[in-house]
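First the structure, in the form of structure tokens, and then the observations on it.
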């Protein structure tokens, strides 16, 4: 849908004079659009409405194909049919904006004071009698139903849980500016040796464990969003590696990766909207299955392999992605512990 321009014979920005017959939508000297905006408000309003409807049509067409036709947007992009759809990068940025906007609203409305307490406070206020009762119940059950080795393993596990919770409670009682001797003592409680890295990580943990739950979730989601952004081009690289016989450029694999990650974020947006309707959390498991089916159909449509070969390639791709994702996540946590 083209815009009806009211043009000047001379550029109002740099005074460039347009020659007769010369394209005059934009100034060739400074790049400013040659369009008179000193018009009645109704003309401007109509232009804005026209542009909005045009973009709205592109947006909903893009969303329809993204949700219902796996791989179609990627194929359309590679064939050069791009004018009818929202550009992939812009689509990713917009969907991320909506996702984190809804997420901030969701996190901002904590249901109760109990949910918004820090992890240290929750551990500290835990009912000791209830915990002892659970220990005795497990011990009785083990004594009557399990063998001696199983009982020993169960009691050892319970002891580990108690030690872990005690360590968390100690961390919650320590100041962020505690002396090094106190930090070293906490490190030894976890079974590690004090050094520059463990001290830095423990100080980071002491700070995090005292954060309100709302703040902690926000921090973790921020970290997750950065991780997803980092993994998106890595996924494209893995895609190129797994489908190396396809002889596609890296950019083609990157477009598929962007569209796939947009789909995943859209599913999370839908899930958050369904939460307001008190939809059971089990729906999330179906969404995971939906992502797997979507990935399979997308790979089949883009790379045109047999069903069996597509399934095998997808299995290898997901395995590599999980390994790289785990390594990248741990590396990110390690780096964040230092700073």
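Each reported figure results from applying straightforward, stated rules to the coordinates on display, with no laboratory input. Source: prediction; values computed, not measured. Note that each Cβ is placed from the backbone with ideal geometry, even for glycine, and that neighbours are counted across all protein chains shown.
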What is the fewest-to-most order of 223, 276 by other Cβ atoms lying within 10 Å of their Cβ? 276, 223
Arrange 93, 230, 242 by Cβ neighbour counts within 10 Å, fewest through most, would you? 93, 230, 242
Fewest first, what order do 7, 72 take by the number of other Cβ atoms within 10 Å? 7, 72
